[in-house]
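This report concerns only the one structure given below.
The values are calculated or read from the model by the stated rules, or taken from the named source; none is laboratory data. It should be emphasised that the depicted structure is a prediction, and the values quoted were computed from it without experimental measurement. Reconstructed Cβ throughout: ideal geometry from the backbone, glycine too, with neighbour counts over all protein chains shown. Heavy atoms of the whole protein, side chains included, go into the accessibility calculation; ligands, DNA and RNA do not. Shrake-Rupley method; radii C 1.70, N 1.55, O 1.52, S 1.80 Å.
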Amino acid sequence: MAFEYTVKQCAQKLGISATRVHQLIKEGMLPAEMIAGRYFVDEDAVEARAESLPSPGRPPKRSKEDPRFFTLMNRNHEVFEFVYDNFSDEFTEVTQIIDPSRAPLGLMSPQGKKVSLSALTYWWKHRSIPLSRSGMEAKLATLGLSDPTRLPFKSLGLSLSDQYWIRPKEMNLDWHSINYFKNTFPEMLSGDWLEQVGLESPDNTSEGQLPKRWVRIDGVPTLIKGGTSLNQEPYNEIAATCLYRRLLAPEDYVSYRLELLPDGETVSLCEVFISDEEEYIPAYYVMKTKRKAMNCSTYQHYLECCSRLKVENAEVALAKMIVTDDLLGNTDRHLRNFGLVRNVETMEYRPAPLFDTGSSLLNEKTSGALAGGDLSFTTKPFYDDPNQQLRLVSDYSWFNANALEGFAEEVEQIFALNPALEQRIPYIKQLINKRIERILVISS
């Protein structure tokens, strides 16, 4: 191989952007070497790719499916029509807006007359499995795909987090006959986590880094989640469930349970937490509904957006989230794993139940750091400092301090089920007791 082309030269030769060149290099579509901090691309690969491009004045070589015309649907409500170009892997045009009120939050202009293609692309990207999930690059290679964003097209973009889907222009489909809430889908209780990816499966739209897949248990869609090296994450979810059960009402949280799969792996399970008339809306999109005022904190801005959407008890819901995340040392309450639930028929909102607490209880700390007494953790989404974030809470009327008695011991019993966590248990108990003491002082 002759690595002669710079990224700029490659982009000019192929008529694409430098960003697209970097993407092709990352995907392995263009062989390249990094020399002195710069990529140089294989000349033969560039020439071969250039030869496959259409000649000036002639239509590009496309498959019979390209470009494709779709309607974005919300249940059986038509939202807008768009064009997706498989040749360039891009949303190229929104041709007609039909019902902007039922569009995903953050995609429409304030007057509902225009759809941002960049926002649509971002929304679709997060409707896809991240490339960084273990095994994804190999899986895409077997499917002949260059990017995970092509996967949702395999299953019409259907998800178990909302009611959106894409209806190809040439197909007469009804949401009731294809949605995953009421209809069956390919599933596998154990084995390869990515086995159903690429089929007509809700696994195609399962966001997040941890291994996961959807199955039906007693007819209910249920999410199975694994863990990383020590497999602490499933146990963290159970510990969080025990804490929520002590402090919160059942509608405030998603309940997790442990399960031993036939292949011997211990995982956490939770049932789908929305109905077939609802959608989960991450806080990231909630905060797109109103321009953030200068000097307005993220916390206050989120509450103002909730007020605009007429969400009741939003501040109390945040208080419950902040306090319980603090007690669990949760380091990953980012803007996509808390938010609101909207009924797509009545258009009414409510706070989403708490879920996804796998990154907590010092699971990211090394054994050496714990042995050295490092029980520190950073928080999200409002402040890195847990004490500063905790000070945002002013309403403790829901909080029952007595309910925390024996919680550290309960967590000890849960973690004792995983021998790999034995040496970490004393530090986890110390963290819990330390945070309980802190909250008791603040709430009194």
For this session: Taking ILE439 as the residue in question, decide whether it is outside any loop (DSSP other than H, G, I, E, B) and either under 15 Å from GLN232 (Cβ atoms) or open to solvent by 30 Å² or more (accessible area, probe 1.4 Å) (or both).
Result: no
Problem set entry | Residue selected from region 372-388 under the condition in contact (Cβ under 8 Å) with a residue 24 or more places away in the chain and polar (S, T, N, Q), by the criterion surrounded by the most Cβ atoms within 10 Å (Cβ to Cβ) | THR379
Exercise. Is it true that some residue in region 166-176 is in a loop (DSSP other than H, G, I, E, B), within 21 Å of the chain's Cα centre (by Cα) and surrounded by fewer than 21 Cβ atoms within 10 Å (Cβ to Cβ)?
Worked result: no
Exercise. Could you say whether any residue in region 373-390 is over 13 Å from GLY329 (Cα atoms) and β-branched (Val, Ile, Thr)?
Worked result: no
For this session: Mind counting the residues in region 191-205 that are open to solvent by 10 Å² or more (accessible area, probe 1.4 Å) and under 15 Å from GLY135 (Cβ atoms)?
Result: 7
Seminar exercise, completed: Restricted to region 340-380 and to residues being part of a loop (DSSP other than H, G, I, E, B) and among the hydrophobic types (A, V, I, L, M, F, W, C), the residue nearest to ALA319 (Cα to Cα) is ALA352
For this session: Could you figure out which of (1) in a helix (DSSP H, G or I); (2) open to solvent by 20 Å² or more (accessible area, probe 1.4 Å) isn't true of ILE432?
Result: (2)
Problem set entry | Filter result for TYR427 (within 30 Å of the chain's Cα centre (by Cα), of a type in the set (Ser, Thr, Tyr) and assigned to a helix (DSSP H, G or I)) | yes
Problem set entry | Leading residue by the ranking (nearest to ALA420 (Cα to Cα)) among those in region 215-231 that are among the hydrophobic types (A, V, I, L, M, F, W, C) and open to solvent by 30 Å² or more (accessible area, probe 1.4 Å) | LEU230
Problem set entry | Any hit, region 305-313, residues being over 28 Å from VAL215 (Cα atoms), more than 18 Å from the chain's Cα centre (by Cα) and open to solvent by less than 10 Å² (accessible area, probe 1.4 Å) | yes
Exercise. What number of residues within region 104-140 are open to solvent by 60 Å² or more (accessible area, probe 1.4 Å), in a helix (DSSP H, G or I) and under 30 Å from GLY227 (Cα atoms)?
Worked result: 5
For this session: Please indicate, with yes or no, whether at least one residue in region 147-160 is more than 22 Å from TRP175 (Cα to Cα), at pLDDT 90 or above and assigned to a loop (DSSP other than H, G, I, E, B).
Result: no
Exercise. Which of the helices (runs of 4 or more DSSP H) contained wholly in region 214-332 include at least 1 residues that are basic (Lys, Arg) and under 18 Å from PHE382 (Cα atoms)?
Worked result: 314-328
Problem set entry | Among residues of region 389-411, those that are in a helix (DSSP H, G or I) and open to solvent by 70 Å² or more (accessible area, probe 1.4 Å), counted | 2
Problem set entry | Residue selected from region 326-357 under the condition among the basic types (Lys, Arg) and closer than 17 Å to LEU248 by Cβ, by the criterion least open to solvent (accessible area, probe 1.4 Å) | ARG333
